[in-house]
1. Give 300, 296, 290 a once-over and let me know the one that is more than 14 Å from the ligand (Cβ to nearest atom) and within 30 Å of residue 19 (Cβ to Cβ).
2. Considering the stretch 98-112 alone, what residues qualify as being crowded, with 16+ Cβ neighbours inside 10 Å and out of contact with any strand residue (DSSP E or B) (no Cβ under 6 Å at 6 or more places or on another chain)?
3. Exactly one of (1) in contact (Cβ under 8 Å) with a residue 12 or more places away in the chain; (2) away from the ligand (no atom under 12 Å from the Cβ); (3) outside the structural domain of residue 154 (by TED's automatic domain parsing) is unmet by residue 109. Its number?
4. Report yes if residue 27 is more than 16 Å from the ligand (Cβ to nearest atom) and part of a helix (DSSP H, G or I), otherwise no.
5. Which residues, taken from the stretch 75-87, are touching a helix residue (DSSP H, G or I) at 6+ places or on another chain (Cβ under 7 Å) and near the ligand (Cβ under 8 Å from one of its atoms)?
6. Checking residue 179 against (1) assigned to a helix (DSSP H, G or I); (2) more than 17 Å from residue 151 (Cβ to Cβ): exactly one of these is not met. Which one?
7. For the stretch 120-138, which positions are in contact (Cβ under 8 Å) with a residue 24 or more places away in the chain and closer than 23 Å to residue 161 by Cβ?
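The values are calculated or read from the model by the stated rules, or taken from the named source; none is laboratory data. Being a predicted model, the structure only gives us computed values, none of them experimental. Cβ atoms come from the backbone with ideal geometry, glycine included; neighbour counts cover every protein chain shown.
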Ligand code: MLT
């Protein structure tokens with residue numbers, strides 16, 4: 001009998017086609033990820049579950065997943081899956097670490113530029129017919145120092161694009177070797193130096209026990225005056241309350257956030273502050289990235305289910 005896969009999030013139809021072409025019996029139910037009770041009812045029928053970020057694979061789901069062999073996350077972060085429990089039950093969890101990196105790096109650069117030139121506020125004001133030409137004074141990024149926290153897959157693409165914009169780039173990443181830093185054209189620094197020197201800071205690390213609250217109240221107090229902070233990585237890396245205070249008293253000049261401690265974020269201390277650009281976790285939201293991750297996750301899951309590889 002053909003293995004059965006459930007797609008419970010909005011994945012590109014490319015994934016469904018690949019599963020079919022590979023001889024997998026696939027059900028495409030993109031609204032199921034938000035319906036925990038129904039998902040728990042049906043999950044027992046499936047060998048594979050393909051998700052993005054809306055489906056939360058919790059204990060309740062895994063308890064009912066009696067046939068499940070593989071969970072495929074079309075994207076990078078697997079923080080919506082209870083990995084320890086999945087591993088205990090012998091369920092493999094796979095992601096697609098490269099499919100959306102360029103898109104996410106481009107979003108971080110866009111957010112930095114939007115923040116430097118106050119584009120969202122200027123756009124809203126112009127749409128409102130105000131023509132406030134003298135209100136929106138920006139800053140150039142050329143020759144400014146960009147501090148990159150995390151120089152892995154996405155961080156290294158951000159570094160490349162920022163160097164193209166003629167920024168000076170420094171990076172904090174305990175896993176970055178001197179050779180790799182030289183190859184990337186960055187100076188490797190300790191976190192305190194980055195906090196003190198950067199004009200812009202962008203984060204590209206997963207949320208772990210080590211990175212949680214990396215921009216804590218204490219670290220926010222160490223920032224260079226007038227810095228702008230970009231977070232297109234994960235909510236929880238920054239103390240949003242402390243950052244809001246620093247924005248209000250002018251120590252921080254701006255912020256651009258795509259991710260929040262609580263998501264979906266319908267409220268945040270950062271909302272409605274001037275010079276704060278916010279987007280609803282759109283880092284991976286391009287046609288190209290969604291095609292890439294859908295294709296990759298479907299191929300990987302099919303390989304595993306059909307050949308165990
Ligand atoms: C990811 O982890 O791949 C990104 O945050 C994108 C997403 O979840 O939509």
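1. When all the criteria are applied, what remains is 300.
2. Within the stretch 98-112, 99, 100, 101, 102, 103, 104, 105, 106, 107, 109, 110 qualify.
3. (3)
4. no
5. Hit for the stretch 75-87 is 75, nothing else.
6. For residue 179, the exception is condition (2).
7. Correct list: 120 only.
Conditions (1) surrounded by 20 or more Cβ atoms within 10 Å (Cβ to Cβ); (2) touching a strand residue (DSSP E or B) at 6+ places or on another chain (Cβ under 9 Å); (3) not assigned by TED's automatic domain parsing to the domain that holds residue 201, marked per residue:
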| site | (1), (2), (3) |
| --- | --- |
| 133 | no, no, no |
| 138 | no, no, no |
| 158 | yes, yes, no |
| 161 | no, no, no |
| 166 | no, no, no |
| 177 | no, yes, no |
